[in-house]
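Structure first, then comments.
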Amino acid sequence: MKTYNFKRSDISKGSLILVNKTHPINKSVNTNNLIGINQSRDVFLERKTASGFMRLITDLKCQGEIIPISGYRNYEEQKKIYDDSLAINGIEFTKQYVALPDCSEHQTGLAIDVAKNSDKINFICPNFPNSGVCGEFNKKASDYGFIQRYTKEKERLTGISCEPWHFRYVGIPHAHIINKNNFCLEEYLICIKEFEYQKEHLKININKNEIEIFYIDFNKNECIDLGDCLLLDISGNNEDGFIASVVRSSQ
């Protein structure tokens, strides 16, 4: 019997953690797990996120056309960006486009801001049109595990204005489901709770493999039996449990 044991502290780890005003960061990122992704090595991402981003850029052959602007930030960097925006742009603009310290996805290493290359790039609101190579990036992003995190139609749920330049790594099966159903991350994490460990699982076919996704409530299960399943990924939700992705090893 293959089992997997959970720890409460792991709820705040993984590619599906929700980070916003009501779900602040509970753990500091291990900086040894960050990789520089640009020429000057001053934009860093978590390893899986970095790998997905670099493969996407390489496959689109858009190096030099799409520029990584901002990846991982520590608390001090996020606080400075917030305070500077508050002083320069005022409270309303800052509330729309800049997260409070410890409420920013950038502090996880799972988020990246990108821009269409130009002589002048706005750090807070970089230009990233949904056309040309930028449009192709947006279209292909989910194949590499990314979603556009903040869209206009979901502003009420995310609490952030539309940011075409901000992409969040959630992993390939989850990115496909989120895009197909027009979810934001908040909606997806609510939806996935309908597919509990001991009930029917959510199933999706990717590359001829049927992947099963399910939610584990930590208060009900501190250990699960994987049976004949191969565990692909497991992530906390930064709230109350975990989301697992498995494939049947008999396939």
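The values are calculated or read from the model by the stated rules, or taken from the named source; none is laboratory data. It should be emphasised that the depicted structure is a prediction, and the values quoted were computed from it without experimental measurement. Reconstructed Cβ throughout: ideal geometry from the backbone, glycine too, with neighbour counts over all protein chains shown.
Among residues of region 134-151 that are aliphatic (A, V, I, L, M), those with a Cβ under 8 angstrom from a residue that is in a loop (DSSP other than H, G, I, E, B), sequence gap 6+ or separate chain, pair up as ILE147/VAL170. Considering each residue of region 12-21 in turn, at least one proves to be in a helix (DSSP H, G or I), farther than 23 Å from ASN138 by Cβ and not assigned by TED's automatic domain parsing to the domain that holds LYS140. Of all residues in region 212-229, those that are at pLDDT 90 or above and outside any loop (DSSP other than H, G, I, E, B) total 6.
Which residue out of ALA175, ALA244 is assigned to a helix (DSSP H, G or I), crowded, with 20+ Cβ neighbours inside 10 Å, under 16 Å from the mean Cα position of the chain (by Cα) and outside the structural domain of GLY52 (by TED's automatic domain parsing)? It would help to see each step written out before you state the result.
Numbers: ALA244 fails: assigned to a helix (DSSP H, G or I).
Exactly one of ALA175, ALA244 is assigned to a helix (DSSP H, G or I), crowded, with 20+ Cβ neighbours inside 10 Å, under 16 Å from the mean Cα position of the chain (by Cα) and outside the structural domain of GLY52 (by TED's automatic domain parsing), namely ALA175.
When LYS208 is tested against the conditions (1) farther than 30 Å from SER28 by Cβ; (2) touching a Ser or Thr at 6+ places or on another chain (Cβ under 8 Å), the lone failure is (2).
Exactly one residue among ALA111, ALA141 is within 30 Å of GLN63 (Cβ to Cβ) and in contact with a His (Cβ under 8 Å, 6 or more places away or on another chain), and that residue is ALA111.
Across region 132-172, the qualifying residues are those that are assigned to a helix (DSSP H, G or I) and of a type in the set (Lys, Arg), and the one among them that is surrounded by the most Cβ atoms within 10 Å (Cβ to Cβ) is LYS154. Can SER51 be described as of a type in the set (S, T, N, Q) and surrounded by 12 or more Cβ atoms within 10 Å (Cβ to Cβ)? Yes; evaluated as a whole, the condition is true for this residue. Selection of region 57-72 for residues being in contact with a helix residue (DSSP H, G or I) (Cβ under 8 Å, 6 or more places away or on another chain) and farther than 11 Å from ILE112 by Cβ yields ASP59, LEU60, CYS62, GLN63, GLU65. Look at ALA141 and say whether it is within 14 Å of GLY52 (Cβ to Cβ), among the small types (Gly, Ala, Ser) and assigned by TED's automatic domain parsing to the domain that holds ASN74. Judged against the criteria, ALA141 is a match. Taking region 102-124 as the region of interest, how many residues are part of a loop (DSSP other than H, G, I, E, B) and crowded, with 20+ Cβ neighbours inside 10 Å? Residues meeting the conditions: 3.
Only one of the numbered conditions (1) surrounded by 15 or more Cβ atoms within 10 Å (Cβ to Cβ); (2) over 18 Å from PHE242 (Cα atoms); (3) not polar (S, T, N, Q) is not met by ASP42, and that is (1). Being part of a strand (DSSP E or B) and either assigned by TED's automatic domain parsing to the domain that holds ARG47 or farther than 24 Å from ASN138 by Cα (or both) is a condition met by no residue of region 178-193.
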